1. Which one is farthest from Asn242 (Cα to Cα), of the residues in the range 141-156 that are outside any strand (DSSP E or B) and touching a helix residue (DSSP H, G or I) at 6+ places or on another chain (Cβ under 8 Å)?
2. Could you tell me which numbered condition Gly19 fails, if it satisfies all but one of (1) in a strand (DSSP E or B); (2) closer than 18 Å to Phe65 by Cα?
3. With respect to Thr70, is the statement that it is surrounded by 15 or more Cβ atoms within 10 Å (Cβ to Cβ), in contact with a Pro (Cβ under 9 Å, 6 or more places away or on another chain) and at pLDDT 70 or above true?
4. Do we find a residue being more than 18 Å from the chain's Cα centre (by Cα) and either outside any strand (DSSP E or B) or surrounded by fewer than 17 Cβ atoms within 10 Å (Cβ to Cβ) (or both) anywhere in the range 170-181?
5. Return yes or no: is Gln37 assigned to a loop (DSSP other than H, G, I, E, B) and touching a residue at least 24 places away in the same chain (Cβ under 8 Å)?
6. Can you find even one residue in the range 129-140 that is modelled with pLDDT under 95 and either outside the structural domain of Leu184 (by TED's automatic domain parsing) or part of a loop (DSSP other than H, G, I, E, B) (or both)?
7. Determine whether Thr159 is outside any strand (DSSP E or B), of a type in the set (Val, Ile, Thr), within 15 Å of the chain's Cα centre (by Cα) and crowded, with 16+ Cβ neighbours inside 10 Å.
Amino acid sequence: MVGLARGVGEDVTAEYALGPNLSLLFEQGFAGTRNGQVPSGVVPTGGNGGINPTFPAAWVHHLHFGLLRTGEPTIKAQLHTMVNWAHDDRTMALIDNHATRAVDEAHPRDGRIDLLGFDATVNSRTWGYFGVGGSFVKGSNAFTLKGLGTFGGDGQNLTERWWGPASGGTGRLWVAGLNYSASLGRILTSPQPFTNDRPDVVLNTGFVMAYTLTNTAALQGTTLPPGATSPGPLPTDADIFNHRFRYKFGADLLYTFLPFMGAGVRADRVSPNSKDAGETFHVLAARLVFKSNWSSPDNITIIYGKWFYGPRSHPEASSIVASDIGRLDDQLIAINANLSW
């Protein structure tokens, strides 16, 4: 929901007791990306994993402040700030590669991502776990940045999936979400403690939404060539990604009715594009869970899932478009095994 720093560097954490049940939390870190910059002159190919010297060595700095209240219930709230940037000296190409719309190799620009976030959780032995969080991401020429994983991914994913390739990684992203988990057995037996050697129903539910603004000033519409069947302005990335709202919510129920067996069902609704309701789809999944005892962490799960696509559902950042809907799998049968020793 907020962000993740990936790399090598330093990290400092501290906790200071303000009272018997209240503590102040602090964390600070600085890291460089794990891969650094590829030497100039390397040509991206499938054989070398597509590494590209256009991507600079980037850095991440992050700060976190929070309060923790122990007891019943346990409450934790935190504020976060993270920065991802690069200032490499890079050799400019003679011409821009038009196949990479998100970056101008002839005039590479330094990128930057600023992130602000918060999260708060309440954990009760009786009423379960409730969490809420949100973040604001601001990017400037961020396509080539690595090292910071936001809700929308790193700079490349933010550009391709959230702001549009023509933005070059300049845009804004707002994210908010919540989740709740509870055990019916714990609620019904309160204030007496609930033992795990009896039937129980566990609920997990969540909601997340995201909203984007792109760099519309830098985007210009194009026109179909003369003789085309539908002359006129073509939609730009600004039309597709600017002022775009997305959301997802779902709920999962698991009923454990025997020491060695339980049954569950999960339902989700996903709306990837507020500009096209035809992309909205639903997922319904049922499962059987087998284990050796009531509280055993080992289990074998058999799952059947069914996708109900909209008329124009399609993968994000993919060559598959709405007309290829028949190519999308809409059913899944899986067996998951979780064992420990």
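The values are calculated or read from the model by the stated rules, or taken from the named source; none is laboratory data. These figures come from a predicted structure and were not determined experimentally. As a convention, Cβ positions derive from the backbone with ideal geometry for all residues, glycine included, and neighbour counts pool all protein chains shown.
1. First, the residues of the range 141-156 that are outside any strand (DSSP E or B): 141-147, 151-152, 154-156.
Still in the list and also touching a helix residue (DSSP H, G or I) at 6+ places or on another chain (Cβ under 8 Å): 142-146, 152.
Values: Ala142: 17, Phe143: 17, Thr144: 21, Leu145: 21, Lys146: 23, Gly152: 15 Å.
My answer is Lys146.
2. The failed condition is (1).
3. On the way: surrounded by 15 or more Cβ atoms within 10 Å (Cβ to Cβ): no; in contact with a Pro (Cβ under 9 Å, 6 or more places away or on another chain): yes; at pLDDT 70 or above: yes.
Considered against the rule, which asks whether it is surrounded by 15 or more Cβ atoms within 10 Å (Cβ to Cβ), in contact with a Pro (Cβ under 9 Å, 6 or more places away or on another chain) and at pLDDT 70 or above, Thr70 comes out as no.
4. Yes - at least one qualifying residue is present in the range 170-181.
5. Numbers: assigned to a loop (DSSP other than H, G, I, E, B): yes; touching a residue at least 24 places away in the same chain (Cβ under 8 Å): yes.
In short, yes.
6. no
7. Working: outside any strand (DSSP E or B): yes; of a type in the set (Val, Ile, Thr): yes; within 15 Å of the chain's Cα centre (by Cα): yes; crowded, with 16+ Cβ neighbours inside 10 Å: yes.
Yes: the conditions hold for Thr159.
To keep it simple, each residue is scored yes or no on (1) among the aliphatic types (A, V, I, L, M); (2) surrounded by 13 or more Cβ atoms within 10 Å (Cβ to Cβ).
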{"residue": "Thr13", "(1), (2)": "no, no"}
{"residue": "Leu24", "(1), (2)": "yes, yes"}
{"residue": "Gly32", "(1), (2)": "no, yes"}
{"residue": "Val60", "(1), (2)": "yes, yes"}
{"residue": "Gly66", "(1), (2)": "no, yes"}
